[in-house]
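> Handing you a structure now.
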Amino acid sequence: MQTESFALHIAICDDNAGDRKQMERLLQRESDKRAKEASVLYVDSYGSISAIMRSPMIYDAFYIDMVSGEMNGAALALKLREAGVTSPIVLCVSSVDYRELFCTYSEPERRNIFFLDKPIKKEELSASLDQIASLKNQIVPTIELRGETVTRYVEEDDIVYAKAEGIYIHVYLKDGSNISILSTITNFYSQLSAYSHYAAVSRSYMVNVTYLKKITLTKLTLMDGTVIRITPAYSMDLKKALRQSAEEL
């Protein structure tokens, strides 16, 4: 099968050292084969849950089988989802029947969860990588909001508005919660430049224009009733975001 050019960052997490090494070899062979098609696989290998949880958001896919500790591979998959990971997770079935376990889980918990039987066959692994590559562009990117004690990963329209106060930005979310991050409106807004729904409307505020209810020359009102004073200097940002939002409808 001809595959499209892509780069994938893959994490292996397996508490069986022999199986882990075998998966590393299989993925290396796949990487060598796909290099001819300008496709690249970057692989990191872990033998513990604490190690893989240090920076899980950098990976496009996970191959997991954990059977000997307190937390098995299915529980690790849910832990990754709770941490904000949306990438495909492939559970490699050995002594734990992950298919049976996930039959009882909800549809959101099962989304982008796949299975491979051990011993891993190279043809099935190759097909799995093709599937992951096709899904990569469909995964909705998340925004990292790193507070002092908690980090959240949200989608573009989860953020309603952000307010600067001292050295912090208070980010208000559509679920009614908020998180405070160490930043300025200028820096925070620039970090979100790839998203089209945001507009800086003053030195202290940034809004998601999809939540605008009313706009006047001096203030805007959000759907939740929040009133924000605006300045003419930021009108171009606001008009641009409104135009882009309208074009997406």
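> Output the qualifying pairs, or none if there are none: Cβ atoms under 6 angstrom, residues six or more apart or on different chains, first residue in the range 118-131 and in contact (Cβ under 8 Å) with a residue 24 or more places away in the chain, second residue hydroxyl-bearing (Ser, Thr, Tyr).
LYS118/SER94; ASP130/THR3
> If you don't mind, there's one more thing I want to ask. What is the number of the single condition among (1) under 18 Å from ASP157 (Cβ atoms); (2) without any contact (Cβ under 8 Å) to a residue 60 or more places away in the chain that ASP224 does not meet?
(2)
> Oh, and also: How many residues does the range 133-186 hold that are in contact (Cβ under 8 Å) with a residue 60 or more places away in the chain, among the β-branched types (Val, Ile, Thr) and under 21 Å from ARG229 (Cα atoms)?
1
> Any idea how many residues of the range 164-179 are open to solvent by 40 Å² or more (accessible area, probe 1.4 Å) and more than 24 Å from LEU238 (Cβ to Cβ)?
4
> Right, next: Please find, within the range 7-36, the residue that is least open to solvent (accessible area, probe 1.4 Å) out of those that are farther than 18 Å from GLY73 by Cβ and within 18 Å of the chain's Cα centre (by Cα).
Ranking the candidates gives LEU8 first.
> Does the range 228-244 contain at least one residue that is open to solvent by 70 Å² or more (accessible area, probe 1.4 Å), within 22 Å of LEU145 (Cα to Cα), more than 26 Å from the chain's Cα centre (by Cα) and not β-branched (Val, Ile, Thr)?
No, there is no match, as no residue in the range 228-244 is open to solvent by 70 Å² or more (accessible area, probe 1.4 Å), within 22 Å of LEU145 (Cα to Cα), more than 26 Å from the chain's Cα centre (by Cα) and not β-branched (Val, Ile, Thr).
> Against the condition open to solvent by 60 Å² or more (accessible area, probe 1.4 Å), under 27 Å from the mean Cα position of the chain (by Cα) and over 23 Å from ILE181 (Cβ atoms), how does LYS213 come out, does it pass?
No.
> OK, next. Considering the range 172-199 alone, what residues qualify as being among the small types (Gly, Ala, Ser), within 16 Å of GLU156 (Cβ to Cβ) and at pLDDT 90 or above?
Across the range 172-199, the qualifying residue is only ALA199.
> Follow-up. Can you pull out every residue in the range 37-69 that is among the β-branched types (Val, Ile, Thr) and surrounded by fewer than 13 Cβ atoms within 10 Å (Cβ to Cβ)?
Answer for the range 37-69, where residues must be among the β-branched types (Val, Ile, Thr) and surrounded by fewer than 13 Cβ atoms within 10 Å (Cβ to Cβ): just ILE58.
> Among the residues of the range 216-226, what is the count of those that are surrounded by 12 or more Cβ atoms within 10 Å (Cβ to Cβ), over 15 Å from VAL171 (Cα atoms) and of a type in the set (Ser, Thr, Tyr)?
1
> For TYR105, indicate whether it is over 19 Å from the mean Cα position of the chain (by Cα), of a type outside the set (D, E, K, R) and modelled with pLDDT under 95.
So TYR105 fits the description; yes.
> Could I ask something else about it? Looking at the range 50-78, which of the residues that are over 19 Å from the mean Cα position of the chain (by Cα) and not small (Gly, Ala, Ser) is nearest to LEU101 (Cα to Cα)?
Among those that are over 19 Å from the mean Cα position of the chain (by Cα) and not small (Gly, Ala, Ser), it is ASN72.
> Could you check the range 180-193 and list, in sequence order, the residues that are open to solvent by 10 Å² or more (accessible area, probe 1.4 Å), hydrophobic (A, V, I, L, M, F, W, C) and within 19 Å of the chain's Cα centre (by Cα)?
ILE181
> Can you pull out the helices (runs of 4 or more DSSP H) entirely within the range 81-163 that have at least 2 residues that are acidic (Asp, Glu) and open to solvent by 50 Å² or more (accessible area, probe 1.4 Å)?
The qualifying helices (runs of 4 or more DSSP H) are 107-110, 122-136.
The values are calculated or read from the model by the stated rules, or taken from the named source; none is laboratory data. All of these numbers come straight from a predicted model, not from anything done at the bench. Methodologically, a virtual Cβ is constructed for each residue, glycine included, from the backbone with ideal geometry; neighbour enumeration extends over all protein chains shown. Just so you know, the surface numbers come from the protein's heavy atoms only, side chains and all, with ligands and any DNA or RNA stripped out. Shrake-Rupley method; radii C 1.70, N 1.55, O 1.52, S 1.80 Å.
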